[in-house]
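First up is the structure itself, then whatever we jot down about it.
The values are calculated or read from the model by the stated rules, or taken from the named source; none is laboratory data. Quantities reported herein were computed from a predicted structural model and do not represent experimental measurements. Note that each Cβ is placed from the backbone with ideal geometry, even for glycine, and that neighbours are counted across all protein chains shown. SASA here: full protein model, heavy atoms, side chains in, ligands and nucleic acids out. Shrake-Rupley method; radii C 1.70, N 1.55, O 1.52, S 1.80 Å.
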Amino acid sequence: MKHWIIAGPCAVESYDLFSETARAVKRAGATHLRGGLYKMRTHNASFQGLGSEGFQVVKAVKEETGLPYVCEITDPRQLAPLEEIVDCFQVGARNMHNTALLKELGRTQKPVILKRAFSAYYEEWVAAADYIRHAGNPHVILCERGIRTFETAVRNTLDLTSVVYMKLRHGLDVLVDPSHATGQKDLIPPLALAAMMAGAAGLMLEVHPRPKEALSDGPQALLPCDFHALIEQVMALYKHVPSSEKRDHSAAL
Ligand code: PEP
Ligand code: MN
């Protein structure tokens, strides 16, 4: 399977947590490891991430697992130091409109996952991708992570139309993050499967071995065993996707 399965905790919390989670998601079939070092939290008092203090943890865990590492960048000044440890950058929903950051990401040749802002129109999202591309980095992949609508029962509303629209109208690949879209772990598996059937280039999923102890986003974290079961289902279902619909997303980046 050539799709990306990006998994890991919301944030790198400690060596033990990150190593344990990384080994588990690798065993279950993850292609990329995630875990934020710089968290953009609503409240200043909330855990903000380990920052550069987590670099050694990331290096050690990458060496142990061999998994490529995806990390959110929140400030243009982080580009040079993060380049040492990151295999794929992520622009979070809160920064999709941050043109200084987007331009800075034109200076790397590493792939950039560009998450959709809470209220971004499709054309604004494409325009944000253009900032990165025009600054010199063609390796941009979009990520649908839910938008704000009138619905308050879930954290965000997952818009799977964007996956189909971006592919058919713009030829752009879209990853889907049902974790931040729903905020509730039991809603994630069915939506992950639906996303793959809609033609998503892959999934981004938050996984934590002890969600109640998580420093951020515990309620949406899948247990490693639930993640494993979901990936098995994704693989089984993917066999039924017509081969004309299957694209090698690893080559696209
Ligand atoms: C994340 O992936 O850790 C994250 C904060 O996501 P988003 O930017 O979609 O809220
Ligand atoms: Mn999170």
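Per-residue accessible area (protein heavy atoms, 1.4 Å probe) orders Y15, Y121, Y38 as Y121, Y15, Y38, starting from the largest.
Note on S14 and L223: with the Förster distance fixed at 25 Å, the Cβ-Cβ geometry gives a FRET efficiency of about 0.85. Each Lys and Arg contributes +1 and each Asp and Glu -1, all at the Cβ; summed about the Cα centre of the chain, the dipole is approximately 280 debye.
The calculated 222 nm mean residue ellipticity attributable to helices in the chain amounts to -10500 deg cm²/dmol, summing -39500 (n - 2.57) over DSSP H runs of n ≥ 4 and dividing by all residues.
Whole number please: convex hull volume per residue of the Cα set in the chain, in Å³? Write out the running numbers ahead of the final one.
Numbers: hull volume 29.9 nm³, N = 253.
Expressed per residue, the convex hull around the Cα atoms of the chain is 118 Å³.
Could you sort F89, F55, F47 by accessible area so the largest value comes first, with the probe set to 1.4 Å? Could you put the intermediate results ahead of the total?
Details: F89 0, F55 30, F47 55 Å².
Result, largest first: F47, F55, F89.
Compute the Kirkwood hydrodynamic radius of the range 75-218, taking the inverse of the mean of 1/r over all pairs of distinct Cα atoms, and give it in Å to one decimal. Provide the component values of the computation, followed by the final result.
On the way: mean 1/r = 0.0636 Å⁻¹.
In the range 75-218 this quantity evaluates to 15.7 Å.
I need the shape label for the range 142-193. Rule: rounded when a/c is under 1.5, else prolate if a/b > b/c, else oblate, with a, b, c from the alpha carbon gyration tensor. Taking the square roots of the gyration eigenvalues as a ≥ b ≥ c, the range 142-193 is prolate.
Under the combined filter of DSSP loop state and at most 15 neighbouring Cβ atoms within 10 Å, the range 33-106 retains these GluC sites (Glu not before Pro): E84.
Heavy-atom accessible area for S243, with the other protein chains in place and a 1.4 Å probe, reaches approximately 100 Å². Direction-averaged shadow area of the convex hull around the Cα atoms of the range 124-164, nm²? Over all viewing directions, the range 124-164 projects a mean Cα-hull area of 3.5 nm².
Under a 5 Å amide H cut-off, with hydrogens placed 1.01 Å from N, I141 pairs with V112, I113, L114 among residues at least 5 apart or on other chains. For the range 122-244, the residue among V140, M196, A129 whose Cα projects farthest onto the positive side of the dipole built from Cβ charges is M196.
Ordering M96, M197 from largest to smallest accessible area (1.4 angstrom probe), what's the sequence? All intermediate terms of the calculation are to be shown ahead of the outcome.
Numbers: M96 0, M197 90 Å².
Listed by decreasing accessible area, they come as M197, M96.
Using the Cα coordinates of the range 20-140, the gyration tensor eigenvalues translate into equivalent-ellipsoid semi-axes of 24, 17, 14 Å, sorted from longest to shortest. Protein heavy-atom accessible surface, 1.4 Å probe, per residue over the range 57-172: 44 Å².
Inter-label distance, Y121 to V164: 2.2 nm, where each label sits 7 Å from its Cα along the C-beta direction. Under 5 Å from the amide H of K39 lie the amide H atoms of G49, each residue being 5 or more positions distant or on a separate chain, with H modelled from the backbone and absent for Pro and chain starts.
So how many Lys-Lys pairs in the chain land under 13 Å Cα to Cα, not counting same-chain pairs under 8 apart?
Numbers: K2/K239; K2/K246; K26/K62; K167/K246; K185/K212.
So the count of such lysine pairs works out to 5.
Farthest toward the positive end of the dipole of the range 1-144, out of A117, A80, Q56, is the Cα of A117, where the dipole comes from beta carbon charges about the Cα centre.
Going 7 Å from the Cα of Q184 toward and past its Cβ, which residues in the range 207-223 have a backbone nitrogen under 14 Å from where you end up? In the range 207-223, the label zone of Q184 (backbone N under 14 Å from the point 7 Å along Cα→Cβ) covers 219-221. For the chain, the relative contact order comes to 19 percent (Cα pairs under 8 Å, sequence separation of at least 6). Calculated on C-alpha atoms, the gyration radius of the range 1-65 divided by its Kirkwood radius gives an Rg/Rh of 1.01.
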